[in-house]
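See structure below.
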Amino acid sequence: MPAGLLEVDGSIELKQFWPEGRSDADTTKVILNVGPNAIKFRKDSSSPFQPTHVFNNAKVKGRISTSPIKNGKITIRLQGIDATELHYQPSPLSPKEKSGVGAAKLAAYKGLVHFYRQLLGATSTKALHDFLTSTGKTVLDCRVVTQVDTPNEVFDTYGRLVGDIEATVNGQTVNLNQWLVEHGWAYPTFYSTMTNDEINTLLTLTKTARSKKTLVWKFLSKSIIGPFDFNLREPKIGDLSVLATAKGPAIFPKLYRRYTSWSARKKAQVTGQTFQAFLAAGSGGRPDICFELADFLTNGVHSAIPHNFADFVVGGKTIKFAPDSLVFKEAPSTLLGPDNKPISHF
């Protein structure tokens, strides 16, 4: 368990959230404005926070290569949660997938590459937007925290800082990760970089949300993956009319993202794979690895038995897991300094 704590003081522009902007409730697009000494680290609870500048001019090399700080802004991935998608685009075809596929099929695939949404995505995002703007403010000061010991543990494979966001809303300090789960606007989604305490906190909130049959639990597709709806597209900014028909069955968001990419490939006839085979193979040949929750909590990431995510889906149609029953292995990334060497210390 990490002894260190990274803290970032910043602010969130609320107009970025739909229906004013494009950001959604799983907050992978939350942009945090930070000042020159806004990022601080302490090595343990008995040590004081000290400003750190190790991320300045650094790069995160993972599935993409990107700067973690751009023009004083950091993208945050809220740890431990996942909301239904408001805008997800099928993944690009790999060179291997393009090989031997005719121009007509490639064009057909290109014609299917849109931003799709799940039911509940607009509803959940609007709830977050309304909660934050109930303050009467357009910008909220906030604090982001993440338990880490080294700089390389801070960012995910897409260059997003993984942590919890705290903001003051109407006089109360609110952990937005926990608020979204507790009120049924997002599913708990655990990763191997989380501590047992962090997981157990969200599990407790999940029990409350599930017992009350809140939104995401009321409409969760628990056993069957239905046909993909190509007509469900990202709503336009300000188009509140979609809310009237935004509720209905939804599958676990990570599964939906994989299903979106496969469905477009299948419709364009660029693949002959079943969804089960596509899920097992993984994106770019990198399967999603996960652990069963009880095994992970008992034995930890190094001793728990790894599984392919596809092991918990049968025949590409039948779902054999609950959102809070798995812990996904975090995809690797490396933080590099201006000299292109790994950054190992704060």
Amide hydrogen neighbours beyond the local backbone of Arg77, cut-off 5 Å, H modeled: Leu161, Val162, Gly163
Phe49/Ser325 FRET efficiency (R0 41 Å; Cβ-Cβ; nearest 0.05): 0.70
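Considering only protein heavy atoms, what per residue accessible area in square angstrom results for region 192-330 with a 1.4 angstrom probe? List each step's numbers first, then the result.
Working: 6810 Å² over 139 residues.
Value for region 192-330: 49 Å² per residue.
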Karplus-derived 3J(HN,Hα), 6.51/-1.76/1.60, for each residue of region 124-129, Hz, glycine and proline x: 5, 5, 4, 5, 5, 4
Choice from Thr334, Thr245, Thr195 showing the highest fluctuation, given a GNM over the chain with Cα pairs closer than 10 Å: Thr245
Pairwise FRET efficiency - Asn196 versus Asp229, Cβ, R0 = 56 Å, nearest 0.05: 0.90
Distance (nanometres) between label positions extended 7 Å along Cα→Cβ at Asp239 and Lys98: 3.0 nm
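To the nearest 20 Debye, how big is the dipole of the chain about its Cα centre, given +1 on the beta carbon of each Lys and Arg and -1 on that of each Asp and Glu? Don't skip to the answer; put the middle values down first.
Values: 41 positive and 30 negative charges, 278 e Å.
The calculated dipole for the chain is roughly 1340 debye.
Could you list the trypsin sites (Lys or Arg not before Pro) in region 301-345 that lie in coil according to DSSP, counting only those with at most 14 other Cβ atoms within 10 Å of their Cβ? Before the final figure, lay out the partial values.
Numbers: sites: Lys317, Lys320, Lys329; in loops: Lys317, Lys320, Lys329.
Answer by residue number: Lys317, Lys320.
Per residue of the chain, what 222 nm ellipticity follows from adding -39500 (n - 2.57) for every DSSP H run with n ≥ 4, rounded to the nearest 500? Working shown, then result.
Details: 9 runs with 82 residues, N = 346.
When only DSSP H runs of four or more count, the value is -6500 deg cm²/dmol.
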Cα→Cβ-extended label distance, 7 Å offset, between Lys213 and Gln276, nm: 3.3 nm
0 to 90° range, to nearest 10: angle between helix 196-211 axis and the chain longest Cα axis: 60 degrees
Dipole of the chain [Lys/Arg +1, Asp/Glu -1 at C-beta], most positive-end residue of Gly136, Ala250, Leu6: Ala250
Tyr158-Lys15 pseudo-label distance in nm [points 7 Å out on the Cα-to-Cβ vector]: 2.5 nm
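What is the magnitude of the charge dipole of region 134-241 about its Cα centre, with +1 placed on the Cβ of each Lys and Arg, -1 on the Cβ of each Asp and Glu, and no other charges, expressed in debye to the nearest 20?
Values: 11 positive and 12 negative charges, 132 e Å.
So the dipole magnitude of region 134-241 works out to roughly 640 debye.
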Label selected from [x] -0.50, -0.72, -0.83; [y] -0.30, -0.63, -0.92; [z] -0.26, -0.54, -0.79, the criterion being log10 I(q)/I(0) by the Debye sum over Cα atoms at q = 0.07, 0.10, 0.12 Å⁻¹ as computed here: [y]
Cα-based helix-to-principal-axis angle, 253-268 vs the chain, degrees rounded to 10: 40 degrees
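If you average the sequence gap of Cα pairs under 8 Å that are 6 or more apart and divide by the length of the chain, what percent do you get for the contact order? Please report the intermediate quantities before stating the final value.
Details: 675 pairs, mean separation 82.6, N = 346.
Relative CO of the chain lands at 24 percent.
Which value, in debye to the nearest 20, describes the size of the charge dipole of region 39-126 about its Cα centre when Lys and Arg Cβ atoms bear +1, Asp and Glu Cβ atoms bear -1, and nothing else is charged? Each step should come with its number before you reach the end.
On the way: 15 positive and 4 negative charges, 55 e Å.
For region 39-126, the charge dipole is close to 260 debye.
The values are calculated or read from the model by the stated rules, or taken from the named source; none is laboratory data. This one's a predicted model, so the numbers in the text were calculated from it and none came from an experiment. In this analysis, Cβ positions are derived from the backbone assuming ideal geometry, glycine residues included, and neighbour counts consider all displayed protein chains. Keep in mind that these areas ignore ligands, DNA and RNA; they rest on the heavy atoms of the full protein, side chains included. Shrake-Rupley method; radii C 1.70, N 1.55, O 1.52, S 1.80 Å.
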